Amino acid sequence: MYIVLLEGKVAIIVGSGSGIGKAAARLLASEGAAVMLADIDPEGARKVEEEIRGNGGRAATVQADMTKEEDAQKMVQAALEQFGRVDILVNVAGGSQGRFIRERLGPFAESTREEWDRILDVNLNGARNCTRAVINHMLERGSGKIINMSSMAGVSGAPNAVDYSAAKAGLIGFTKALAQEMAPHGIQVNSISPGGVYTERLQAVMERHKREGAQRTFDVSKLSTPEEIARIILFLASADVKNLNGINIEVHGSRR
Ligand SMILES: NC(=O)c1ccc[n+]([C@@H]2O[C@H](COP(=O)([O-])OP(=O)(O)OC[C@H]3O[C@@H](n4cnc5c(N)ncnc54)[C@H](O)[C@@H]3O)[C@@H](O)[C@H]2O)c1
């Protein structure tokens, strides 16, 4: 017998228009969850929505910039209106470089305060905003799962991405502290720290490295796939294990 893991559950996935968020939306929907796709760029998310609906799943899209508190509130409201409840929040949106973030990494000695603020906004404050917007609903219901997408940069640090490393380390601290505060209320908060993940965004970075004749780039054979990270999201979203809380799952093989 095949068990559908998330039947009747509702998940908000922030940053579901591409990469890991897209893979997570597809997988959670295929396991029975209704998914609210949230993204600053709704075009990609709408395509995912159509695909999920075409496969008989439940999905809707809301445009939201998670760095804006009012957008985060609007996103949660849209999920409640559309699906009546929220069981799972996955904060995926973020990154060290790419569209809506910045063009490329650079040395700390050349960095600006504006860049620092932007990177912390996208990779830490955004998850805070979305979590804050949903937390009272979860507290009222006495259940919920929150999954934050950190990075190995937040665990080990990454050169030329000091701001990103600091933001992702902050996200792990946020996860661990909130997990302790929420444990008595039936809410679990965990994070995932991938090393490199072979997303469209990383492919674009690698193509640029090639064009520019960069000495170092990523070794594709060692990268995770977005689908693999989505499986870990599904595990955290579906595991009925109350003490799986405040955990940061590192996904880097044996490399740091
Ligand atoms: N790809 C990797 O190698 C890798 C490694 C470690 C961690 N991560 C983390 O995983 C997450 C997803 O990475 P990805 O490679 O899948 O990224 P991606 O760029 O493919 O997807 C990110 C999505 O988030 C959306 N987004 C960006 N800013 C937003 C905002 N302010 N509000 C709402 N949506 C916004 C984008 O439009 C995009 O659809 C990020 O947090 C990233 O830091 C990625």
**Prompt:** For segment 76-87, how many residues are crowded, with 20+ Cβ neighbours inside 10 Å and either farther than 10 Å from M36 by Cα or within 9 Å of the ligand (Cβ to nearest atom) (or both)?
**Reply:** 1
**Request:** Test Y164 against the stated conditions and say whether it is within 20 Å of G15 (Cβ to Cβ), touching a Leu at 6+ places or on another chain (Cβ under 6 Å), of a type in the set (S, T, Y) and surrounded by 14 or more Cβ atoms within 10 Å (Cβ to Cβ).
**Result:** no
**Prompt:** In segment 19-26, is there at least one residue being within 16 Å of the ligand (Cβ to nearest atom), open to solvent by less than 10 Å² (accessible area, probe 1.4 Å), in contact with a Cys (Cβ under 8 Å, 6 or more places away or on another chain) and not aromatic (F, W, Y)?
**Reply:** no
**Message:** Checking R99 against (1) closer than 25 Å to K222 by Cα; (2) surrounded by 18 or more Cβ atoms within 10 Å (Cβ to Cβ), only one condition comes out false. Which one?
**Reply:** (2)
**Prompt:** Quick one: is A11 buried (at least 24 other Cβ atoms within 10 Å of the Cβ), part of a strand (DSSP E or B) and within 10 Å of the ligand (Cβ to nearest atom)?
**Reply:** no
**Complete:** Every listed condition ((1) under 21 Å from the mean Cα position of the chain (by Cα); (2) away from the ligand (no atom under 12 Å from the Cβ)) holds for K210 save (1)
**Message:** Let me spell it out: the conditions are (1) more than 15 Å from the ligand (Cβ to nearest atom); (2) in a loop (DSSP other than H, G, I, E, B), and E50 meets all of them except one. Which number is the exception?
**Reply:** (2)
**Matching option when the condition is more than 15 Å from the ligand (Cβ to nearest atom), surrounded by 24 or more Cβ atoms within 10 Å (Cβ to Cβ), at pLDDT 95 or above and not in a loop (DSSP other than H, G, I, E, B), among A60, A29** = A29
**Asked** Give me the pairs: first residue in segment 120-148 and closer than 14 Å to S191 by Cβ and among the hydroxyl-bearing types (S, T, Y), second residue open to solvent by 30 Å² or more (accessible area, probe 1.4 Å) and part of a helix (DSSP H, G or I), beta-carbon distance under 9 Å, and six or more apart or on different chains, which are they?
**Response** T131/F174
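The values are calculated or read from the model by the stated rules, or taken from the named source; none is laboratory data. Being a predicted model, the structure only gives us computed values, none of them experimental. Please note: Cβ atoms are built from the backbone with ideal geometry, for glycine as well, and neighbour counts cover all protein chains shown. Areas reflect the complete protein model, heavy atoms only, side chains present, ligands, DNA and RNA absent. Shrake-Rupley method; radii C 1.70, N 1.55, O 1.52, S 1.80 Å.
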